[in-house]
Structure formats: C-alpha cells, structure tokens
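Down below is the structure, laid out as structure tokens.
The values are calculated or read from the model by the stated rules, or taken from the named source; none is laboratory data. This is a predicted model, so every value here is computed, not measured. Because the Cβ atoms are built from the backbone with ideal geometry, glycine has one as well, and the counts that use them run over all protein chains shown.
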Amino acid sequence: MTLLRFAARTMLASYFVSSGVKALRDPAALAPVAEPLIDRVVPVLKQYAPDQVSDSIPDDPVTVVRINGVLQLVGGLALATGKGRRLGALILAATIIPATIAKHPFWTRESEEERDADRSHFLKNISLLGGVLLASRDTEGRPSIAYRAQKGGQLLARDTKKASQKIADQSSDLVEGALASGAAIAATVAATSRKAKKHAAKQLAEGKKAAAIAVKQAQKDAQQAEKERQKQARKDLVVATKAARKAEKRADKNIKRGEN
C-alpha cells in the first residue's frame, strides 16, 4: 500500500469511524432520527425474510443505531488499515444509505433553510458513498480477478487462434508439399518417359543405320565374292583350255607316230 493510498483511505474512513464511535457512545440521541425509517423498513424486512431470520431482526431504534455504529466503526478501521479494505468499503456503503435517508430527508422539510442544509448533507453523503464504492474496487494497481479472468480468456482465445492458424498453415504446407512432390514425381515420370522415348528412337535410328551399313557391306562382299569367283572361273577356264590344247597336241603326235 502506497503512502498516498494510505492517507486517502484514512481520510475517507475518519468520517465513518467518528460516526460509529458517536453512535456507540450515545445511541439514544440518534434513535429518534432513525425511528421513522426503522418503522417503515423493519416490518417489510420481517415480512419477506425467512422465519428464522425475521425473528432476529431488531426493531428497537437504539439497537439498530448501535448495530449501524459497529458496522461503521469496523468498516472504517478496515478501510483505514487496509486489512479487508474492500469488504470494509462495501460495509460502509451499506450503512451510509439508510443513515443518509434517515438523517437528511430534505424533501420532507418545510423550511427552506432546513431543506438547503439537509440537501447539502445529503449530497455530501452521496459523495462519500461514491468514494467508498471506488475504494471497494481498488486493487492497489494489481489486476482484479474479473480483469485477470477476462485477460486470461482473451489470451486463451488468442493462443487458440494462433494454434489453429499454425495448424492450418502446417496443413497447408503439407498439402502444398504433397502437391509439389506429386508434381515432381509426375514431371520425373514424364521426363523419364520422354528420355526413354528419345533413347529408343536414337537406338532405332542407330540400328537402322547399322543395318543399312551391314546391307551395303554384304552387297559389297557379295559383289567382291562374285568378282573373285568369276576371276577364278576364268583362270580355271584358261588353265583347262591350255591343258586341253596340250592334250590335243600330244594326241596328234601320237597319231602321227602310229602312222609312221
């Protein structure tokens, strides 16, 4: 608790502590002021409260004033010391409403002077009510439970959104990766097919070329063989012709010898 908060709470609580001490010391002096309000409010409370509670509701103005004084004293001390300050501020807010209505009903005053005085006190108490209500919400700079719950919900929603977005991104990446892999495989297959076709076409062209060369070579070989065969045949014919002539000459010689 800072010094400023301690001083502000102490100043705000001083009025209630003083009023509480006064009510405890001399409740009879305040009883006539509180009696009209008690006569109107207490019967209504007893009518609507459960039986076990309605029997405990006091209807004696002095007792009610003392109870109100105790609540103001306890709430004021809690607010001033900071021990249970928020609960103490709520208790003070609950006590100031009936006290203000009972003490300062300016709308019932006939005299203009009394009406102005009660209106001033009434507005002062309304200001005090606003002060204690603010004090009941003071967390000394720390986030309240409601704020932390709201903030936690927002952080959870943000983290959930981020996680969902991350999952979506990962799923998108996986899908894109799968599509890219499929495209790469298809491209590889297509490229392989094209390459295989080109290779087969190249081999076919080379085979045709080799066959053509082989056919030409075979034709050359056949022509060469035919030439060699014809040349050999001519040689054989020449040799045979020469042998036949030699044989014919020998035969003629033999015939001539026989005649002689």
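Summary of computed values
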item	result
Test: residue in the range 26-34 that is among the acidic types (D, E) and under 57 Å from the mean Cα position of the chain (by Cα)	no
2 or more residues crowded, with 19+ Cβ neighbours inside 10 Å: qualifying helices (runs of 4 or more DSSP H) within the range 10-93	27-48, 61-81
Test set (1) at pLDDT 90 or above; (2) touching a His at 6+ places or on another chain (Cβ under 7 Å) - S120 fails condition number	(2)
Count of residues meeting criterion [small (G, A, S), modelled with pLDDT of 85 or more and out of contact with any Gly (no Cβ under 8 Å at 6 or more places or on another chain)] in the range 83-117	5
Close pairs (9 angstrom Cβ cut-off, 6 or more residues apart or separate chains): at pLDDT 85 or above in the range 204-216, among the aromatic types (F, W, Y) anywhere	none
E114, sole failed condition from (1) within 57 Å of the chain's Cα centre (by Cα); (2) of a type outside the set (A, V, I, L, M); (3) surrounded by fewer than 16 Cβ atoms within 10 Å (Cβ to Cβ)	(1)
